[in-house]
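Read the figures in this text as sums done on the coordinates, not as results from a lab. Computed from a predicted structure; not experimentally measured. Using ideal geometry, Cβ is built from the backbone for each residue, glycine included, and neighbour counts are taken over all protein chains shown.
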2 protein chains.
Amino acid sequence: MREVAVLGVAMTKFGVSEKTNLEMFAEAGLEAMEKSNIEPKDIQALFFGNCLGGFEEGQLHMAPFAHSELGLPTSAPAVRFECACATATVAIRHAALLVASGVYDLVLAGGTERATIMGTPLATRTFAMASQAQHEYGAGITFPGVFAMAAHMYSAKYSVPLPELKKHLAEIAVKNHRHGAMNPKAHFQKEIDVDTVLNSMLVADPLQLFDCCPFSDGAAAVVIAEAGKAKDLVDKPIYIAGMGQAACGPLYLQQDLTRVKAREEAFRQASSQAGLGPEDIDVVELHDCFTIAEVLAIESFGLYDFGKGFDAATKGETTFGGKVVVNPSGGLKAKGHPIGATGAAQVTEIVEQLRGECGERQVQGAKVGLVDTLGGDLGTVCNIILRS
Amino acid sequence: MREVAVLGVAMTKFGVSEKTNLEMFAEAGLEAMEKSNIEPKDIQALFFGNCLGGFEEGQLHMAPFAHSELGLPTSAPAVRFECACATATVAIRHAALLVASGVYDLVLAGGTERATIMGTPLATRTFAMASQAQHEYGAGITFPGVFAMAAHMYSAKYSVPLPELKKHLAEIAVKNHRHGAMNPKAHFQKEIDVDTVLNSMLVADPLQLFDCCPFSDGAAAVVIAEAGKAKDLVDKPIYIAGMGQAACGPLYLQQDLTRVKAREEAFRQASSQAGLGPEDIDVVELHDCFTIAEVLAIESFGLYDFGKGFDAATKGETTFGGKVVVNPSGGLKAKGHPIGATGAAQVTEIVEQLRGECGERQVQGAKVGLVDTLGGDLGTVCNIILRS
C-alpha cells in the first residue's frame, strides 16, 4: 500500500443557502482543485456524497452531474456514496483506499447537502430514514429521541444526576459555539452561555434546542493523492495515517447506547493502522450531532474512561489550552451539519489545523488529528487519523 | 494487483414481491454466501446497492441494516452505493478493486429494490430523478422520452425509416421475452410476438409498452474473493478479466444520443484491462431498459458497426446459435429491472452461464461474458468482463 496525502481542501460557508447541491459542490470542488494546483482533467475519479437529494431537489444519481459541473474527464468515474451522516467520510475513506492501492493517483472526494429547503418537518422525517425504519420509525423515535435515551442511560449507568448532566452537556454547546464564533465558515458564529442552553425549548428530555445541531446547507471537498505526487503539488501535504469503518445494526441490536460499538471498532482499526493512540491526538473533529454525542465519542476513543468524559468541557479540557481540542471548527453544533458534506468539512478543518492555517482558532503545534463521523443511530462510524 | 474471482451468486425471483428490501437482500446474500461455502463471519465488507429506499419504504442508510440481517461482523464496514440503474455493478466493481488491491479478501456485494410498492406514477417520478432534475425534469422528459428521442435520432442518422426500425425493435423484445421464458427467476416468463409489441399501448413514440422494461422488485448478491482463495472454496471460480466505469454529464452535454460516450469509454477500459475485444465475447447481459437501448449497446461494444446493429435480433444473430447471445436471462425487458439489484443479477447470469449452469438457456461453450449497466440518461456506465 502506498502512502496517501490530502492536498487541497475546501468548504462553502455552512448555513442557509439559495444554491443547489450541485452549485455548492462545484464551489467547494473547484476551490479544492485550485488549492491542489491541479486541473479538473487531472482527476481520475469522483467519490461524491449526498443523502437526501431526492427529497431536497428531486435529484438522485447526482455524482455524474457534479462531475460535469466540475469539468472532469469522461474517463473518471463518478460514484455516489450514502452512509447517512458519515457519507462524505466514507467517500473519502474509499478514495484513500483506492489511491493507497495504486488504482488511482488523484481523486476528488466530498459531499453536499441542502437540508434547509425541506423545512423542519420534512427534514425531521427524512433524517429519521437513517434509522431502521421498519422497526424504529413506528415507535416514533427520531434522532433527538435516540440521543435523549442515551443521555438518560448515561445518567443512570454512571450515577450522574440528570440536572447535573444537563449542565455539563450545556457546557459542551457553549464551548462549540465559542469555537464556531471564530470560524467564518460556521453556520452559527455567536457565543452562547449555559443559561441559553438550559432555557431553550425542550426537544427531547433532557436535550434542549441548543443541545442539538442544526439542519444546514453546504458542501465540502478534498483532493486525495499518492504521497510522492503530493509533495510536488503542495507545500504541506497532510498524510492519512490510519482509517477505520465499522457497522452496527439497528438499535434493537445495540446492547448499550452509551457504548458505540461501531465507533470503538472503527477507532481500533484507525489507531492500529496509524500506530497512534488517543494520547497522540492533538485535535479532534467529532460527531456532536447532540451534546451527549460528544461525551460518548471522547470516551470511545479512550481520551476519557467510560463514564468520565461528561464534564470534560466544563473543566476546559476539550478547548484551547486543554488536554485535546475537540471540535475547534464549532463542530456539528455550531459549524452546522449538512449531512452529506459533514465528513469532508471535518477533514477540511483537521487538514487546515495541521497546516497551521486556522487563525484565531488554531490549535498550536497540532501534529495529529482525528476525524470521527457517525451515521444514523449508531449504525455506521468512520474514523480517519491524519498527521502533518 | 491480485486476480479476483466471483464465488457464489444468487438472486431472488424478480417480479412483484411482498418482501421488504432488506428481506429480499438477506435472501440473496445468504444464498450467495452458502454457495461460496463461507460463513457471514468471513465477510470483510458489504458493498450494497439501493436507489429508491427512501421513497419505497422511508428507508435510507440501508447498508448497516442489510449487514445485520446477514449477521456480518461489526468490523466489516457496510457501504451504500447509488449510481441509478448501474448501482449494483458499481458496488461490485469497487468490491473487486479493493480485493484486487489486497485491502479485503472476501466481500459481499449486490443490491436490492422494491419498486412496485410505489405504483407507476411515483415510480415514474422517482426514476426520473436519475436525470439532471434541474435542467431536464422541467422539460417533462422521463426515461421513455429520452430513449424515444434516441430512436428518432437513430432512424434519422442512419436512414432507417421509423416503421421499419419499430419492427426491428419489436424483434428485440420478442427475443428477450423468449429468453426470459426459459428463466425461472424472470419477472415475465411468457413469449410474445411482434404484433404483441406493435399493438401494445404507445408510451413515447416510437416506443410501445412492450419496448419498455418493467418496474420490478428483487435483490441479487455476489461474493468477490481473491483468486487463490476462490479455488479453495468453490469448484468453478469465475474470474474478473476487466472492468470499466465512466461518467458523462446531463443530456445537454451529450452531442449524440445514438453514441453513449460513457459506455464507449467504460468498455474501452474493461476491454483494454482484459486484453479481450468484442470478438472474444460469447455472452452479454446488457442494459435493455428499452429495446433501442440494446441496439445502442451492441454498437458501443463494437459487436456491430454504428448504424448496423438495429436488425441483429431480427436476423437471429443475438440469440442462441447466433453471433453472440445478448441477454439470455431475458434482460431488463423480461427478467425485470429492480434498479438497485440489476447489475448484480447481470453478474449472476453471466457467472452461471460461464459455469454452464443455465439449463435450457445455456450458451454452449461460453467462456467470456460481458456485463453492461447504464445509469440514468447515459450519465453512468459500468462494464465488467468475466471469464471462466
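Quick one: putting +1 on the C-beta of Lys and Arg, -1 on the C-beta of Asp and Glu, what dipole do you get for the protein assembly as shown around its Cα centre, in Debye to the nearest 20?
With only Lys, Arg, Asp and Glu charged at Cβ, the dipole is about 400 debye.
Along the axis that rotates chain B into chain A, which residue of chain B has the nearest beta-carbon, and what is the gap in whole Å?
B:SER101, 1
Output the peptides A:177-185, B:32-40 sorted from most to least packed, where packing is the average of other Cβ atoms within 10 Å over each peptide's residues.
Averaged packing, sorted descending, gives the order A:177-185, B:32-40.
Over the range B:112-199, what relative contact order in percent results from Cα pairs under 8 Å that are six or more residues apart?
RCO, the range B:112-199: 16 percent.
Would you work out if the range A:262-388 is rounded, prolate or oblate? Take a ≥ b ≥ c from the square roots of the eigenvalues of the alpha-carbon gyration tensor; rounded if a/c is under 1.5, else prolate when a/b is larger than b/c, oblate otherwise.
Rounded is the answer for the range A:262-388, as its axis ratio a/c remains below 1.5.
Among B:189-201, A:145-157, B:364-376, B:105-117, how do they line up by average Cβ neighbours within 10 Å per residue, starting with the highest?
The most tightly packed comes first, giving B:105-117, B:364-376, A:145-157, B:189-201.
Cβ neighbours within 10 Å, averaged per peptide: list A:247-253, B:290-296 in order, most packed at the top.
Answer by packing, highest mean first, reads B:290-296, A:247-253.
Please work out whether the range B:250-311 counts as rounded, prolate or oblate from its C-alpha gyration tensor, where a ≥ b ≥ c are the square roots of the eigenvalues and a/c under 1.5 means rounded, while otherwise a/b larger than b/c means prolate and anything else oblate?
It comes out oblate by the Cα gyration axes.
Would you compute the Debye intensity of the protein assembly as shown from its alpha-carbon atoms alone, equal scatterers and no solvent, and pass along log10 I(q)/I(0) at q = 0.10 Å⁻¹ to two decimals?
Taking Cα atoms of the protein assembly as shown as identical point scatterers yields -0.92.
What net charge do the residues around A:LEU374 carry, taking every other residue with its C-beta under 15 Å from that of A:LEU374, with Lys and Arg at +1 and Asp and Glu at -1?
Cβ neighbours under 15 Å give a net charge of -4.
Got the A:GLU164 label distances to the other copies yet, label 7 Å along Cα→Cβ, in nm, shortest first?
Shortest to longest, the spacings are 8.9 nm.
For label points placed 7 Å from Cα toward Cβ, what is the shortest-first list of nm distances from A:LEU209 to its copies?
So the label point of A:LEU209 gives 5.4 nm to the other copies.
Just for the Cα atoms in the range B:195-262, what are the lengths along the principal axes, largest first, rounded to whole Å?
Per principal axis, max minus min of the Cα coordinates gives 53, 34, 20 Å.
Treating the point 7 Å from Cα along Cα-beta-carbon as the label, what are the nm separations from B:ALA227 to the other copies, to one decimal?
3.0
Take every DSSP beta bridge with both residues inside the protein assembly as shown and express the antiparallel ones as a percent of the total, to the nearest 5.
70
Please compute the contact order of the range A:48-144 in relative form: average sequence separation of alpha-carbon pairs under 8 Å and at least six residues apart, divided by the residue count, as a percent.
Computed over the range A:48-144, the figure is 31 percent.
Work from the charge dipole of the range A:143-204 (Cβ charges, +1 for Lys and Arg, -1 for Asp and Glu, about the Cα centre) and give the residue of A:VAL146, A:PRO163, A:VAL194 farthest towards its positive end.
Among A:VAL146, A:PRO163, A:VAL194, the one farthest towards the positive end of the dipole of the range A:143-204 is A:VAL146.
Let's see if you can work this out: charge +1 on each Lys and Arg Cβ, -1 on each Asp and Glu Cβ, no other charges. What is the dipole magnitude of chain A about its Cα centre, in debye to the nearest 20?
300
Looking only at other chains, what is the average number of their beta-carbon atoms within 10 angstrom of each beta-carbon in B:42-55?
Mean number of neighbouring Cβ atoms from other chains: 2.
For A:PHE215, A:PHE47, what ranking results if the residue with the fewest other Cβ atoms within 10 Å of its Cβ goes first?
Result, fewest neighbours first: A:PHE215, A:PHE47.
Which value in deg cm²/dmol, rounded to the nearest 500, describes the helix-derived mean residue ellipticity at 222 nm for chain B, given -39,500 (n - 2.57) per DSSP H run of n ≥ 4 and division by the residue count?
Helices in chain B give a 222 nm mean residue ellipticity of -11000 deg cm²/dmol.
Have a look at A:ALA219, A:GLN362, A:THR12 and report the one farthest towards the positive end of the charge dipole of chain A, computed about the Cα centre with Cβ charges (Lys/Arg +1, Asp/Glu -1).
Comparing the listed Cα positions along the dipole, A:GLN362 ranks first.
Could you check what % of the DSSP bridge pairs in chain B are antiparallel, to the nearest 5?
The antiparallel fraction comes to roughly 70 percent.
Need the list of lysines near B:LYS190 for cross-linking: C-alpha distance under 30 angstrom, and skip anything on the same chain fewer than eight residues off.
B:LYS13, B:LYS19, B:LYS35, B:LYS166, B:LYS167, B:LYS175, B:LYS308, B:LYS315, B:LYS323, B:LYS333, B:LYS335, B:LYS367
For the range B:349-383 and the range B:151-217, what is the separation of their C-alpha centers, rounded to whole Å?
Spelled out, the Cα-based centre of one part sits 20 Å from the other.
Report the local net charge at B:GLY71: Lys and Arg +1, Asp and Glu -1, summed over other residues whose C-beta lies under 10 Å from its C-beta.
Cβ neighbours under 10 Å give a net charge of -1.
For chain B, what relative contact order do you get, as a whole percent, if you take Cα pairs closer than 8 Å and at least 6 residues apart?
Across chain B, relative contact order equals 26 percent.
Could you state the angle between the C-alpha long axis of helix A:291-300 and the longest principal axis of the C-alpha atoms of chain A, as a value from 0 to 90 degrees rounded to the nearest 10?
Helix A:291-300 sits roughly 70 degrees off the main axis of chain A.
Using the crude model of +1 on Lys and Arg Cβ and -1 on Asp and Glu Cβ, and no other charge, please compute the dipole size for the range B:239-388 relative to its Cα centre, in debye to 20.
The calculation lands at about 120 debye.
P(r) of the range A:45-116 in 5 Å steps, Cα pairs, percent per bin?
Reading the bins upward from 0: 3, 18, 27, 25, 17, 7, 3, 1.
Return one number: the angle in degrees, 0 to 90 and rounded to the nearest 10, between the long axis of the Cα atoms of helix A:162-180 and the longest principal axis of the Cα atoms of chain A.
Long axis of A:162-180 versus the principal axis of chain A: about 30 degrees.
Just to be sure I understand: of the beta bridges DSSP finds with both ends in the range A:283-388, what percent are antiparallel, rounded to 5?
60
Rounded, prolate or oblate: pick one for chain B, where a ≥ b ≥ c are the square roots of the eigenvalues of its C-alpha gyration tensor, a/c under 1.5 means rounded, and failing that, prolate if a/b is larger than b/c, else oblate.
Because a/c hits 1.5 or more and a/b exceeds b/c, chain B counts as prolate.
Just to confirm the number: angle between the C-alpha axis of helix B:143-157 and the first principal axis of chain B, 0 to 90 degrees, nearest 10?
Helix B:143-157 sits roughly 50 degrees off the main axis of chain B.
For B:133-144, what's the mean count of beta carbons from other chains sitting within 10 Å of each residue's beta carbon?
2
Counting only other chains, what is the mean number of Cβ atoms within 10 angstrom of the Cβ of each residue in peptide B:90-98?
3
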